[in-house]
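Here is the structure we will look at, set down as structure tokens.
The values are calculated or read from the model by the stated rules, or taken from the named source; none is laboratory data. Here the structure is a predicted model, which is why all the values come from computation and not from measurement. Glycine gets a Cβ as well: all are built from the backbone with ideal geometry, and neighbour counts include every protein chain shown. These accessible areas exclude ligands, DNA and RNA; they are computed on the full protein's heavy atoms, side chains included. Shrake-Rupley method; radii C 1.70, N 1.55, O 1.52, S 1.80 Å.
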Amino acid sequence: MTNRIYNKVMTGVISCLLPLTSYLFISCSDFLEIEPLNDIVLNNFWNEKADVDGIIAGCYSGMQSDAMIRRMIIWGEARSENIGAGLNSTNDANLLNVLNENIMATNGYTSWECFYNIINRCNTVIKYAPQVAASDPSYSDSELQANIAEMVALRSLCYFYLIRTFRDVPYSTEAYTNDDQRMDLPATKFDVVLDSLINDLERVKGQAVKYYPTTTPLYQTGHITQDAIHAMLCEMYLWKKDYQQCINYADKVIASKKTMAEEILAMSGSSSSTLGSSTGSSSATAFERYNGFPLVSEQVTSGFYGNAYSTLFGRDVESEQAKARQEIIFQLVFKDDPSGNSMLANSAVNVFYGNASAMRGYLAPSDYVIDDIAKESGRTIFSDKNKNIDARIYENCNILTKSINKYTSQQVLIQAAGSSSSPTSLSYSGIYADGNNGANWVIYRLTDIMLLKAEALAQTMREGSDNETVAYNAPILAQAFSLINAVNKRAICQTTLQDTLVATDYNTKSQIEELVFQERQRELMFEGKRWYDLVRRSQRDGNTRALVNAALRKVTTGSSLIQNKLTKMDAIYWPYNNDEIKVNKNLVQNPAFSSGEDSSYQNSN
């Protein structure tokens, strides 16, 4: 970190303390007697549990900031084939440069300050919370350890975003509390940081909260839990190429969610015999509809679909919160109706994805995505077998306005009774008003973890077609296909549900690997996952062929230039911001990018 970042971090920390610390409000006559701001925080603040709670709350509100969500979207989606320019995107020159793969070190979206801000807040809690526990008898050791686990996990999540975006980054677990500390750290290698994150999470996972009280239902998905840490470890081990550990942690999450789903049903007076079923298929046995996995049904009533979208991405009404916990693992929670109260609106989604006034935000589905939906055959995203009956076509995109629907509409209702190849009616409702988006931003959900497990399983398979290889692969392939098929099958708008994926079509490692790659794109579109999936695959393959092929799908001009650039492994990561290079002489710029000092540019928000 740098002194410039330190100053902003301290400003952010102090802003979290202001509502809690009346001694910061002073008269002009007291000015000469006031202690330095750092000393006030260190000497007078860390005295009781409420002080710790205030900073932790500030960490979550910082994660909800416009700058953080914008970068989660841009870093995870904007360079992929999913995304194209939308309405008024010319208002953000930095964004257009990203979309055109014209990224330089002066681009505002290369700034990582908001992530290091959260990292230092977490480090500060980890450092000072033990002294609070020593002085405040109401602060139990179990609460202390749970808080430390929570902060280690949020810190790890921030670093995980950074290394997937920039590869090597300055890494420190030390709290920066004064400007005498050295912060011009060199970048630590990707693998070293990843190993450190995994070790930290392994150390604290047992101390994290398993269940939050039912009186705070949104805490179960809006705060770090053991499930959230297990989900992070699942994905981190996949990036580490430790596939068995990825599978192990995926199994922990799946088992936990299945138990939670059964408990939810028991509380409602239902039984597991109807879990995963719907009004139109109440005779389904336990979890049968989705291969034994506790997924929320897509079906609303016989012939109507969209329930899964409304539950996962719609309003946090009490009747839906329990079902959402059945699938959501960790999300950043925004107030459903932010107007007239102090809760944050999801301003990044409001601007980037659209609202009731501007149906197309600065970003839109790429022409490639829209054209693929419109095809009757030869599709590469939504398969020909599913034609127009994959609910995610309509849940991801508003096909009426060719805009991004996910996170902008509170409900999608699709009528597609029987085996109809297209919906007989379709409606998008509850589109958030301009400046009033209350959609939660999902970081991890169950289908994400199921597909990560399927990807790991595919990597444990052997190449070849001899009898020994086929016999070895068969049970692994069956597990992977069951996971992918369950996710796919949930999305199909059919009253009498039938498999549209056929197991015998996927007999080799490369075929099942490609299938899970496609299913992740369909299921997680616009959730900040696609570019990271492409980068992970490039890391594993040792080349960028799959990434280049994906990136070129949305290109109409300049394809040779982009292709030549992205064949370099360095270029699939981002440059360090030029301001960071100036103040931290120990940072060495990614060789794929110029400084861009002589270019005109516009600061991003």
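Things to note:
- Sole exception among (1) in contact with a Lys or Arg (Cβ under 9 Å, 6 or more places away or on another chain); (2) at pLDDT 95 or above for LEU87, by number: (2)
- Candidates TYR161, TYR171: the one that is closer than 26 Å to GLN226 by Cβ, open to solvent by 10 Å² or more (accessible area, probe 1.4 Å) and touching a strand residue (DSSP E or B) at 6+ places or on another chain (Cβ under 7 Å) is TYR171.
- The range 439-454: number of residues that are open to solvent by 10 Å² or more (accessible area, probe 1.4 Å) and over 15 Å from LYS406 (Cα atoms): 1
- Among the residues making up the range 441-463, none is modelled with pLDDT under 95 and within 22 Å of VAL349 (Cα to Cα).
- ALA187 meets the conditions (1) more than 16 Å from ASN584 (Cβ to Cβ); (2) among the hydrophobic types (A, V, I, L, M, F, W, C); (3) open to solvent by 30 Å² or more (accessible area, probe 1.4 Å) in every case but one. The failed one is (1).
- Hey, LYS258 surrounded by fewer than 20 Cβ atoms within 10 Å (Cβ to Cβ) and modelled with pLDDT of 95 or more or not: no
- Those residues of the range 472-510 which are touching a Lys or Arg at 6+ places or on another chain (Cβ under 9 Å) and charged (D, E, K, R), in sequence order: LYS489, ARG490, ASP499, LYS509
- Selected residue [outside any helix (DSSP H, G or I), modelled with pLDDT under 95 and open to solvent by less than 50 Å² (accessible area, probe 1.4 Å)] from SER604, SER600: SER604
- Of residues in the range 77-88 being open to solvent by 10 Å² or more (accessible area, probe 1.4 Å) and outside any loop (DSSP other than H, G, I, E, B), the one nearest to SER559 (Cα to Cα): GLY84
- Residue match in the range 408-429 (condition: within 21 Å of ILE74 (Cβ to Cβ) and assigned to a helix (DSSP H, G or I)): no
- Test set (1) free of Cβ contacts under 8 Å to residues at least 12 places away in the same chain; (2) open to solvent by less than 40 Å² (accessible area, probe 1.4 Å); (3) not aliphatic (A, V, I, L, M) - ASN436 fails condition number: (1)
- Unmet requirement for LYS554, which otherwise passes all of (1) out of contact with any strand residue (DSSP E or B) (no Cβ under 8 Å at 6 or more places or on another chain); (2) among the basic types (Lys, Arg); (3) in contact (Cβ under 8 Å) with a residue 60 or more places away in the chain: (1)
- Hits in the range 508-540 - residues which are open to solvent by less than 10 Å² (accessible area, probe 1.4 Å), within 23 Å of LEU295 (Cα to Cα) and over 17 Å from the mean Cα position of the chain (by Cα): ILE512, LEU515, VAL516
- One residue stands out in the range 226-247 among those that are open to solvent by less than 10 Å² (accessible area, probe 1.4 Å) and of a type in the set (D, E, K, R): the one that is farthest from the chain's Cα centre (by Cα), namely ASP227.
- Which numbered condition GLY108 fails, given (1) open to solvent by less than 20 Å² (accessible area, probe 1.4 Å); (2) closer than 25 Å to ILE224 by Cβ: (2)
- Pairs are defined by a Cβ separation below 8 Å, a sequence spacing of at least 6 or placement on different chains, a first member in the range 80-99 that is at positive phi, and a second member that is at pLDDT 95 or above; the pairs so defined are ASN88/TYR362.
- Whenever a residue of the range 455-478 is under 24 Å from ARG537 (Cβ atoms), its partners that are basic (Lys, Arg) and surrounded by fewer than 16 Cβ atoms within 10 Å (Cβ to Cβ), lying with C-beta atoms within less than 7 angstrom and at least six residues away or across chains, give the pairs THR469/ARG462; TYR472/ARG462; ASN473/ARG462.
- Just so you know, in the range 186-211 the residues that are part of a helix (DSSP H, G or I) and among the small types (Gly, Ala, Ser) include one that is nearest to the chain's Cα centre (by Cα), and it is SER196.
Listed here are the residues, each with its yes/no results for (1) aromatic (Phe, Trp, Tyr); (2) more than 30 Å from ILE73 (Cβ to Cβ); (3) not in a helix (DSSP H, G or I).
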| residue | (1), (2), (3) |
| --- | --- |
| ILE103 | no, no, yes |
| ASN117 | no, no, no |
| PRO130 | no, yes, no |
| SER142 | no, yes, no |
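- Filter result for ALA478 (surrounded by 24 or more Cβ atoms within 10 Å (Cβ to Cβ), aliphatic (A, V, I, L, M) and either within 30 Å of the chain's Cα centre (by Cα) or closer than 30 Å to TYR161 by Cα (or both)): no
- Taken over the range 134-145, the criterion of being open to solvent by less than 20 Å² (accessible area, probe 1.4 Å) and closer than 14 Å to VAL209 by Cα is satisfied by LEU144 alone.
- Candidates TYR444, TYR472: the one that is within 28 Å of TYR249 (Cβ to Cβ), of a type in the set (Phe, Trp, Tyr) and in a strand (DSSP E or B) is TYR444.
- For the range 101-132, residues that are more than 23 Å from the chain's Cα centre (by Cα) and in contact (Cβ under 8 Å) with a residue 12 or more places away in the chain total 12.
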